[in-house]
Amino acid sequence: MITLEPLPHREAIEYFRSKGFAPQLQRFSHLDLWREEHARNFVVAKGMRDDVLALIREELDQALSEGRTLAQFQANLEPALQKAGWWGKSVMTDPLTGELQDVQLGSVRRLRTIYDTNMRTAHAAGHWARIQRTKKAFPYLQYIQVERPSKRHDHERFHDKIWRVDDPIWQRIYPPNGYFCGCHVVQRTEGWMKRHNRQVSPSIDLDEQPWTNKRSGEVFDVPRGVHPGFDANPGAAWLDIKERVSEVMPDLNDERQAYERGILQGLRLRQMGIGRETLVVSDADEQSSILFDAPPDRPGAVSVDAALLEGSGSFQADRITLLHSHLTDSPLSYSDIQTLGHPRVLSVTAISPGGAIWRAKPGSQILGPQFREFAIRAKPIVESDLKALSESDRAYIIQHALGLFLERRGAIHYHYSLTDRLKQFFAKYADLIERLST
């Protein structure tokens, strides 16, 4: 008998894992972290302590990656939160007003809300990534409201409506559109539209109403029936890398940035789809490019063929840029940076599933001696201060420090734009990174 196990929703997991912790002043109320900010940071109202947020985030991560149920989530987390002292009623100071307030910390009911909201939002964001990857074949989205006793009547006006994937309306009503909202979208092809005699639905009046965030005093227009704060597309916010590309490519004009941004986004989506790294070699004039996928048995082993770099392959551009996906949030590796020693390579850029971007260009100094110097000075620090870290955390710190070290010595120009989770990780080990890179 063959047993088919459901595969983890890779895109949903990557979306969730890219989040850092919300700043301290945005943790007291659910109104403190707003709309698109939830795509970048994780928060639980009244979760002021990092250890409490870490407990909850880890259980949610396990629920996403292992398919754990609400009952399992509650059973695992309740005793852990009780032990941490984050359970039941308490008194807490509101950091915004300085006033003492009676608050509800952990409870079975709250865990249900935390689980449902985060699971639905992560899957919706992951689905949006798949939609972007497959929109040429499935250019339409159909809004579906599940028929159930608890359905929201305000969402009925969206039910069965069909708009193109790129219609701006999906930035305002992409489900879920409230707590415990069961609405979702289904992708449709041109063929399906013809077979069912369907047309794109007419534009509708979202009937947006002004709503005031009582914590900040800001006024927002919110579509009728959509719960304030849910009137944004978390997947679109997560996938948006325009600012990050500008940050790592200050030397490129807008046209070239847009070109490389398109490649990077495509590589990111492809990696999440096939589970392997992909490399694109592009010429400097945007005339041609060539793509390589890592083999299935070595998903993180994509590399530039030596013959290609020597100009004996089919890709004959004199000056090339290398852009590739990473399987993890890892910075540029030794082998990534080493490619800058080839006279044809203008730059090497990598993007992580979470959206972090790393880029390096050749500097004025020779790379080889600098690599050796870094290895010599890093060895005692790695063997003492980094010994207790996991292999992946240790690699992140060493590789980032290597990039900074080489830039300080003029061997490369090093730029990076990080997810909030990576920013917080590197901030935690800032002293170690400084010692390794100076």
Restricting the first residue to the stretch 54-68 and requiring it to be without any contact (Cβ under 8 Å) to a residue 60 or more places away in the chain and over 14 Å from Lys19 (Cβ atoms), which pairs with a second residue that is open to solvent by 20 Å² or more (accessible area, probe 1.4 Å) and in a loop (DSSP other than H, G, I, E, B) meet a Cβ separation below 7 Å and a spacing of at least six or different chains? Leu55/Ala84; Gln62/Arg68; Ser65/Pro8
Output yes when any residue across the stretch 417-436 is in contact with a Pro (Cβ under 8 Å, 6 or more places away or on another chain) and either in contact (Cβ under 8 Å) with a residue 12 or more places away in the chain or under 27 Å from Ala236 (Cβ atoms) (or both), and no when none is. no
What pairs come up if the first residue lies in the stretch 385-410 and is among the polar types (S, T, N, Q), the second is open to solvent by 30 Å² or more (accessible area, probe 1.4 Å) and in a helix (DSSP H, G or I), and their beta carbons are under 9 Å apart, counting only those six or more places apart or on different chains? Gln399/Tyr334
Looking only at the stretch 91-100, and only at residues there that are surrounded by 13 or more Cβ atoms within 10 Å (Cβ to Cβ) and touching an Asp or Glu at 6+ places or on another chain (Cβ under 8 Å), the one that is farthest from Asn213 (Cα to Cα): Thr93
Test Arg261 against the criterion of being free of Cβ contacts under 8 Å to residues at least 60 places away in the same chain, in contact with a Lys or Arg (Cβ under 8 Å, 6 or more places away or on another chain) and part of a helix (DSSP H, G or I), and give yes or no. yes
Looking for whichever is open to solvent by 30 Å² or more (accessible area, probe 1.4 Å), over 16 Å from Pro8 (Cβ atoms) and of a type in the set (Lys, Arg) here; the options are Arg68, Arg49. Which one fits? Arg49
If Asn76 satisfies all but one of (1) of a type outside the set (Ser, Thr, Tyr); (2) open to solvent by 50 Å² or more (accessible area, probe 1.4 Å); (3) in contact (Cβ under 8 Å) with a residue 60 or more places away in the chain, what's the number of the condition it fails? (3)
Go through the stretch 332-373 and report how many residues are surrounded by fewer than 14 Cβ atoms within 10 Å (Cβ to Cβ) and either touching a residue at least 60 places away in the same chain (Cβ under 8 Å) or on the phi > 0 side of the Ramachandran plot (or both). 1
If Leu96 meets every condition in (1) under 16 Å from Ala45 (Cα atoms); (2) touching a residue at least 60 places away in the same chain (Cβ under 8 Å); (3) part of a helix (DSSP H, G or I) apart from one, which number is that one? (3)
Over the stretch 228-263, the set of residues over 24 Å from Arg133 (Cβ atoms) and among the small types (Gly, Ala, Ser) is Gly229
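The values are calculated or read from the model by the stated rules, or taken from the named source; none is laboratory data. What you see is a predicted model, and the numbers here were worked out from it, not measured in a lab. Here the Cβ is made from the backbone with ideal geometry for all residues, glycine too, and neighbour counts use every protein chain on show. Heads up: the accessible areas ignore ligands, DNA and RNA and are worked out on the full protein's heavy atoms, side chains in. Shrake-Rupley method; radii C 1.70, N 1.55, O 1.52, S 1.80 Å.
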